[in-house]
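Undergrad: Right, I'll just put the structure down here and ask away after.
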Amino acid sequence: MPTPSPAALPIRRLTHRDLTACADLSQDRGWPREEHKWGLLLTAGTGYGVDDPDGGLVSACVVTEYGPHGRPVLGAVGMVLIAERHARQGVGRRLMRHVLSAMGTTPLTLHATEYGRPLYEELGFKTTGRAEMVRGRFTAGDVRSGIVTRAATAEDLATIIRLDEEVFGADRTHILARLPAFADQVRVAEEDDRIIGYAAAWPNMDTHVVGPLIARDTETAKALVTSLAAHTDRPLRTDVDVRHADLLLWLKDRGLEPVGFNAVMTHGIAELPGDWSRRFAPLTVAAG
């Protein structure tokens, strides 16, 4: 029998058991394997993929839903990957159409590279913003911030979840409840014993990724980044909304180099919910 076209192979749900195959697919496309991140996404989100008859995966992606269970108000699409040997055969288009069908009327968002953006535009996604990735060894310099930061405790989680929902615009409890185990650091900023921001640093290859970064203002965001950097020997990496130009300039002044830009795209909504002025960086671009 002839081998079926990759674009005709069945799409199935991925689970945590597919973690190694997903990491292999990342490596196939020249990305880092990122098993730690895949592990979070496959347990907190819904993975979709196509099996290769010759072994491994033809394609994969993950959708992370936010809002009430069973009634999401937003879905973040990430880790859309097609094996090099099956590229440019319509596989990605079919996978994304499957996601759109599965999500129905739920608004969607994703971060797109220049390579992927034309496909998403064809499927009805609109560019509504941009994020810049920066990476490098952070140099604190002469910091005289009056903002108090400290390690988060279990007792802070409920407050963090409330603050996050207010800023993000949707309930992320299922993600934030996993954050203490996923991240190497979670820190909060306080004023008058009230939490005014929080941030995490989680391991990704040889770096610590800063995200989420939620803060009352830019000075609070700077204090949180400084406190995270003080407790790691690794280079930092983060993806900052370009509207936060002051924070980006400050990060570059302290040793982080620009790596590139992603287009923030939405489907079914004109712009992301929540308060962008306090939302500085995502947990990861794959999960919004």
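Undergrad: Kindly list the number of the only condition in (1) farther than 21 Å from Pro273 by Cα; (2) touching a residue at least 24 places away in the same chain (Cβ under 8 Å) that fails for Glu155.
TA: Every listed condition holds for Glu155 apart from (2).
Undergrad: Then there's this: Would you pick out the residues in segment 233-258 that are of a type in the set (Gly, Ala, Ser) and open to solvent by 50 Å² or more (accessible area, probe 1.4 Å)?
TA: Result: Ala245, single match.
Undergrad: Only one of Arg94, Arg88, Arg71 is over 20 Å from Thr15 (Cβ atoms) and outside any loop (DSSP other than H, G, I, E, B); which?
TA: Just one listed residue meets the conditions, Arg94.
Undergrad: Then there is this: Select from segment 14-40 the residues that are part of a helix (DSSP H, G or I), open to solvent by 60 Å² or more (accessible area, probe 1.4 Å) and within 17 Å of His86 (Cβ to Cβ) and list them in ascending order.
TA: Asp24, Gln27, Asp28, listed by residue number.
Undergrad: Sticking with this structure for a sec: Looking only at segment 261-269, decide whether some residue is of a type in the set (Phe, Trp, Tyr) and either under 17 Å from the mean Cα position of the chain (by Cα) or assigned to a strand (DSSP E or B) (or both).
TA: yes
Undergrad: How many residues are open to solvent by 10 Å² or more (accessible area, probe 1.4 Å), within 16 Å of His36 (Cβ to Cβ) and part of a strand (DSSP E or B) if we restrict to segment 180-207?
TA: 3
Undergrad: While we're on this one: What are the pairs with Cβ atoms under 8 angstrom where one residue, in segment 78-94, is under 18 Å from Leu108 (Cα atoms) and the other, located anywhere, is loosely packed, with under 14 Cβ neighbours inside 10 Å? Sequence gap at least six, or different chains.
TA: Within 8 Å, the pairs are Leu81/Arg29; Leu81/Trp31; Arg93/Glu122.
Undergrad: Considering Phe280, Phe261, which residue is touching a strand residue (DSSP E or B) at 6+ places or on another chain (Cβ under 7 Å), open to solvent by 20 Å² or more (accessible area, probe 1.4 Å) and of a type outside the set (Gly, Ala, Ser)?
TA: Answer to the selection: Phe261.
Undergrad: Do we have any residue at all in segment 168-177 that's of a type in the set (Asp, Glu) and open to solvent by 50 Å² or more (accessible area, probe 1.4 Å)?
TA: Scanning segment 168-177 turns up no residue that is of a type in the set (Asp, Glu) and open to solvent by 50 Å² or more (accessible area, probe 1.4 Å).
Undergrad: Please verify whether Ala230 is small (Gly, Ala, Ser), surrounded by 21 or more Cβ atoms within 10 Å (Cβ to Cβ) and in contact (Cβ under 8 Å) with a residue 40 or more places away in the chain, treating the condition exactly as stated. Can you show your working first?
TA: Working: small (Gly, Ala, Ser): yes; surrounded by 21 or more Cβ atoms within 10 Å (Cβ to Cβ): no; in contact (Cβ under 8 Å) with a residue 40 or more places away in the chain: yes.
For Ala230, the condition - small (Gly, Ala, Ser), surrounded by 21 or more Cβ atoms within 10 Å (Cβ to Cβ) and in contact (Cβ under 8 Å) with a residue 40 or more places away in the chain - is not met.
The values are calculated or read from the model by the stated rules, or taken from the named source; none is laboratory data. Model, not experiment: these values are computed from the prediction. Glycine also receives a Cβ, built like all others from the backbone with ideal geometry; neighbour counts cover every protein chain displayed. When the accessible area is computed, the model is the full protein with side chains, heavy atoms only, and any ligands, DNA or RNA have been set aside. Shrake-Rupley method; radii C 1.70, N 1.55, O 1.52, S 1.80 Å.
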